[in-house]
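Enquirer: One structure follows; several queries about it will come next.
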Amino acid sequence: MSDAQSRLDLFIDRMVSQRACLDYAIADTAKQTGPVFELGLGNGRTYHHMMHRIRNRPVYVFERAVASHPDSTPPDDHLIMGDVRETLPASLDHFGATASLIHADLGGHNRKKNDAFARFVSPLIEPLLAIGGLMVSSDRMYFENLSEVPLPDGAVEGRCFIYRR
């Protein structure tokens, strides 16, 4: 066995970091009025977490196929169904650059594929973020006009990333 972290340790670091970064971003953007976007629902853990902490801002979820826990499923009018490569550009027409917070956990277990997808989707996400808004991602993103923000206490380097417009 090598000295590298176990997959369980990596998962725990990712979850702890995701919570710390989301809590930081929710608090930092609390006075903004723009919508919050959750890119990828999965089983709905982060959506459920955000719904317990975000007040006075709608949370919209972008998803291809809903497979979440019933307690973690958004109402139909806050669910944007389809591939993000199509739904993000269409949402720019609808919402403009108004998102106060965007969270993305779109990657899988293949780091090369995750990186390639992050490079592709970054320019689709960037124009949706309002001035002062934050983007939280489980993968490094590639933005032209967003700045990376230092991670909050409790987050593990490389397990989550925060960007600000």
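Where a number appears in this text, it was derived from the coordinates with a stated rule and is not lab data. From a predicted model like this one, the values you see are computed outputs, not experimental measurements. Heads up, the Cβs are rebuilt from the backbone with ideal geometry, glycines too, and the neighbour counts pull from every protein chain shown.
Enquirer: What number comes out for the charge environment of K112, summing +1 per Lys or Arg and -1 per Asp or Glu over other residues with Cβ under 13 Å away? Write out the running numbers ahead of the final one.
Expert: Values: positive: R111, K113, R119, R140; negative: D115, D139.
Within the 13 Å Cβ shell, the charges total +2.
Enquirer: Counting only DSSP beta bridges with both residues in region 7-164, tell me the antiparallel percent, nearest 5.
Expert: Close to 30 percent.
Enquirer: Return one quarter of the surface area of the convex hull spanned by the alpha-carbon atoms of region 97-165, equal to its mean projected area, in nm².
Expert: The orientation-averaged projected area of the Cα hull of region 97-165 comes to 4.4 nm².
Enquirer: Under the classification rounded if a/c is under 1.5, otherwise prolate if a/b is larger than b/c and oblate if not, where does region 59-126 fall, given a ≥ b ≥ c as square roots of the Cα gyration tensor eigenvalues?
Expert: oblate
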